[in-house]
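Taking it in order: structure first as structure tokens, then the write-up.
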């Protein structure tokens, strides 16, 4: 089973490398990418400066493998890559990278959208929103 | 009005730079990216080695400005970037880059999907599929 | 009156050319298809002054008309 | 029986701990909420051996039970 976790933020260079590796896959017609970025939300009047992510890693990796198989079964995809940060990710940095490729655009886009929804709803990952004054609040996905 | 055209393929490095520039936009929570890649389709039994793109550039740029305004009016987006190749793009290389950012993922993804559909249907751009033996066929979007 | 053409249509009509003024797009099409009979069998769209048109619209002598095959960008 | 906890719940229950074997998840919840009364007011989910569970299921002494707050990844 593939590990989806990366320590700290996902760098734009990592994303490029991932895109570049698909140049030899000439059966691909469309790539769909979703990037989650940490938002400097105001909670009360304190801005979120970073999110500290933790996960039940073994369970998340097993669950992701199940989701991966289901989404591959539903859409004719060429590739699928999922990466999620653990630890501290500053506001403005990237914490989630979902990348699907297919011969035709619709399948790549639909699969990417579905993966993002499922990752947020089904993977045991938690974000702790950190404030400047070292206080924090646990994030809740709505 | 913004020019959307780039000569030749869109490089992964160009895409990274574009992503990197959004790190200071901390009101963003999600980016959605679509990349169109030239597919080595078999036409009869001849593989497509490249697509040569031409456009009615002035009209495409004007039309894109209208689409841009309409999509900005429909979704609460932070940013929207569109780039399309002109000239020769080899199989495996990227010819279309659509990039939307918003506070929340749904808006970024829906806007990106809608832009891709409208770009393919409404912009006066034509692709000539080139074969190894220097013969060609005009591409048709289905 | 200036006519420009693109893609597959440009291969038939040879890019840009001028014709005598036509009062509207329906008359224009007749003139063009007489000049380039191969266009009759081919699907093409018209833009007047960079706007797509449907149906028949009036032209003036400064109109720029574009003959375009179906789009295939992306 | 090994219990692990995450996120906000780990702050209440202190990460991982052991309890006497419970026959099923409903009894387990009672034991845990007695041990950590603050859990009563908080929404939490259970996974047994890395599978989410709904309703009441039987446990054996080797089960690993995870107490988890609602997920907030992405």
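The values are calculated or read from the model by the stated rules, or taken from the named source; none is laboratory data. What you are looking at is a predicted structure, and each value in this text was computed from that prediction instead of being measured. For neighbour counting, all protein chains shown are included, and Cβ atoms are generated from backbone atoms with ideal geometry for every residue, glycine included.
Data table
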item	result
Flag for residue B:87 being more than 19 Å from the chain's Cα centre (by Cα), more than 9 Å from chain A (Cβ to nearest Cβ) and surrounded by fewer than 22 Cβ atoms within 10 Å (Cβ to Cβ)	no
Restricting segment A:110-128 to residues that are closer than 15 Å to residue D:70 by Cα and more than 8 Å from chain D (Cβ to nearest Cβ), the residue that is surrounded by the fewest Cβ atoms within 10 Å (Cβ to Cβ)	A:117
Some residue of segment B:22-31 being in contact (Cβ under 8 Å) with a residue 24 or more places away in the chain, under 30 Å from residue C:46 (Cα atoms) and touching a helix residue (DSSP H, G or I) at 6+ places or on another chain (Cβ under 6 Å)	no
Filter pass, residue A:96 being surrounded by 21 or more Cβ atoms within 10 Å (Cβ to Cβ), within 12 Å of chain D (Cβ to nearest Cβ) and within 26 Å of residue B:9 (Cα to Cα)	no
Selected residue [more than 9 Å from every other protein chain (Cβ to nearest Cβ), on the phi < 0 side of the Ramachandran plot and touching a helix residue (DSSP H, G or I) at 6+ places or on another chain (Cβ under 8 Å)] from B:77, B:35	B:77
Qualifying residue in segment B:4-18 (condition: farther than 30 Å from residue B:105 by Cα and surrounded by fewer than 18 Cβ atoms within 10 Å (Cβ to Cβ))	yes
Residue within segment C:38-61 that is more than 12 Å from chain B (Cβ to nearest Cβ), in a strand (DSSP E or B), over 23 Å from residue B:66 (Cβ atoms) and in contact (Cβ under 8 Å) with a residue 24 or more places away in the chain present	no
Criterion violated by residue C:8 - all others in (1) over 29 Å from residue B:98 (Cβ atoms); (2) more than 12 Å from the chain's Cα centre (by Cα); (3) in contact (Cβ under 8 Å) with a residue 40 or more places away in the chain satisfied	(1)
Count of residues meeting criterion [modelled with pLDDT under 95 and surrounded by 18 or more Cβ atoms within 10 Å (Cβ to Cβ)] in segment D:14-27	1
Condition broken by residue C:67, with the remaining ones in (1) in contact with a strand residue (DSSP E or B) (Cβ under 6 Å, 6 or more places away or on another chain); (2) farther than 25 Å from residue B:6 by Cβ; (3) in a loop (DSSP other than H, G, I, E, B); (4) within 14 Å of another protein chain (Cβ to nearest Cβ) satisfied	(3)
Flag if residue B:59 is modelled with pLDDT of 95 or more, crowded, with 19+ Cβ neighbours inside 10 Å, under 21 Å from residue C:69 (Cβ atoms) and away from chain A (no Cβ under 14 Å)	yes
Residue that is nearest to residue D:13 (Cα to Cα), among those in segment D:54-68 that are more than 10 Å from the chain's Cα centre (by Cα) and surrounded by 15 or more Cβ atoms within 10 Å (Cβ to Cβ)	D:63
Scan of segment B:43-62 for residues that are free of Cβ contacts under 8 Å to residues at least 60 places away in the same chain and more than 17 Å from the chain's Cα centre (by Cα), ordered by number	B:44, B:45
